[in-house]
1. Between the alpha-carbon centers of the range B:134-211 and the range A:26-89, tell me the distance in whole angstrom.
2. Which net charge results for the neighbourhood of A:Asn32, defined as the other residues with beta-carbon distances under 14 angstrom from its beta-carbon, given Lys and Arg at +1 and Asp and Glu at -1?
3. May I ask you to derive the relative contact order of the range A:2-80, considering only C-alpha pairs under 8 Å and at least 6 residues apart, and to give it as an integer percent?
4. For A:Thr11, B:Thr79, which order do you get if you count the other beta carbons within 10 Å of each Cβ and list the fewest first?
5. For every other residue with a beta carbon closer than 13 angstrom to the beta carbon of A:His77, add +1 if it is Lys or Arg and -1 if Asp or Glu, then tell me the sum.
6. Could you tell me what a quarter of the Cα convex hull surface of the range B:64-103 works out to, in nm² with one decimal place?
7. Quick check: pseudo-label points 7 Å beyond the Cα along Cα→Cβ at B:Asp39 and A:Glu204, how many nm apart are they?
8. Starting from the eigenvalues of the Cα gyration tensor, five times each then square-rooted, give me the equivalent ellipsoid semi-axes of the range A:1-127, largest first, whole Å.
Protein chains: 2
Amino acid sequence: MKLYNYWRSSTSYRTRIALNLKGLAYEYVPINLLKNEQDDPAFLKLNPSGGVPALVLDNGVALTQSLAIMDYLEQTHPTPPLLPRDPLARVRVLRIAYAVATDMHQFANLPVLNYVGEKLGDAAKNEWVQYWFPPNLAAIEAILNDGHTGRFCHGDAPSWADICLIPQLFTARRFNVDLTPYPGIARIEQAALAHPAFAAAHPEKQPDAPG
Amino acid sequence: MKLYNYWRSSTSYRTRIALNLKGLAYEYVPINLLKNEQDDPAFLKLNPSGGVPALVLDNGVALTQSLAIMDYLEQTHPTPPLLPRDPLARVRVLRIAYAVATDMHQFANLPVLNYVGEKLGDAAKNEWVQYWFPPNLAAIEAILNDGHTGRFCHGDAPSWADICLIPQLFTARRFNVDLTPYPGIARIEQAALAHPAFAAAHPEKQPDAPG
């Protein structure tokens, strides 16, 4: 498989973690978003939406949207499971995953930040991220305090919740979001970053990361 | 079951469609977002994130996040299926669903529009939505042209793709987004709005809709 992705993109980071947790090898193909390589005609054939990541299967089929790719991996490589079998446990994991993916992620997406910078000035970018991230982090911290959290967001094994949360924290730091009010999140981040699948997926370890 | 929701919220609309497609009855509890009823202490006990929808099960457990609720319904009431069994069909449906839920939805969310209005003026709200919706609608239209579309986004039966897309089109119209460049989407919208499960979930049919 080939993973077209970008070292700093949080959705790319999610996908790398999921592939690593499933023990699946892939070829790393860097797409430089700062050079708009996602809009190259050759790449647009793989993903008409012009975004990363895109996972190209051995049969040539290109999958896009990190959560759809994660679902595909879950369907086709069920072990180890990254979503619980129990419906209520599963809904708890998804609640955290979607709190990141649908409620936070877009705010720090490159085109959105470019728009904000253009309309309100470059200094407004940090302010924008610092305005939107904390209420969502607080909501996740509240879920983590419900008694079902272990070493990871749900029990002691990594799940979609951690796969979505950890990359978003990397983004939060980039924009100097104060993370001290979220000790539960901080504890999980520490555990995750020490896990080989997360460590190998870290942006700064990727071949296209600046030296 | 009790569905705490708001007539015009697109995530509430999604959840109503899913419940209707599964043939599940529910009590409608209106939460007026314009009166900040989502921040009432009683409601915050159900959803600490303070958002709609929240689905309270007969055993008192409160589920939040529309996509997590939809997944719970899929796990606990698998018939009729709203996600295909085949992994590649499933990834196609999810790609469309997530293109709406992760890439479009947030832009027209009330707090985001309030922020944009406060910083850039009320007139900027329509401009903001009209800037972000079209590239995402074009990406969905491109997927719909791949030969797997039927009466609905994937074949002839409704799926998560339609459940996410149709409410977002209602929002698009509110902000005068030009939908004429997307004939494939328009055809599916027409089919969906004629389907009883979608028709009964329409915002203007809800008890809290203005008369």
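Bear in mind that the values in this text are calculations on the coordinates, not laboratory data. A quick note: this is a predicted structure, and the numbers were derived from the prediction, not measured. All Cβ positions, even for glycine, are placed from backbone atoms using ideal geometry, and neighbour counts span all protein chains on display.
1. 25 Å
2. -2
3. Working: 99 pairs, mean separation 28.1, N = 79.
Here the relative contact order equals 36 percent.
4. On the way: A:Thr11 23, B:Thr79 7.
Going from least to most buried by this count: B:Thr79, A:Thr11.
5. -1
6. Numbers: hull surface 11.8 nm².
The Cα convex hull of the range B:64-103, projected and averaged over all directions, gives 2.9 nm².
7. The modelled label-to-label distance comes out at 3.8 nm.
8. The three semi-axes for the range A:1-127 are 27, 21, 11 Å.
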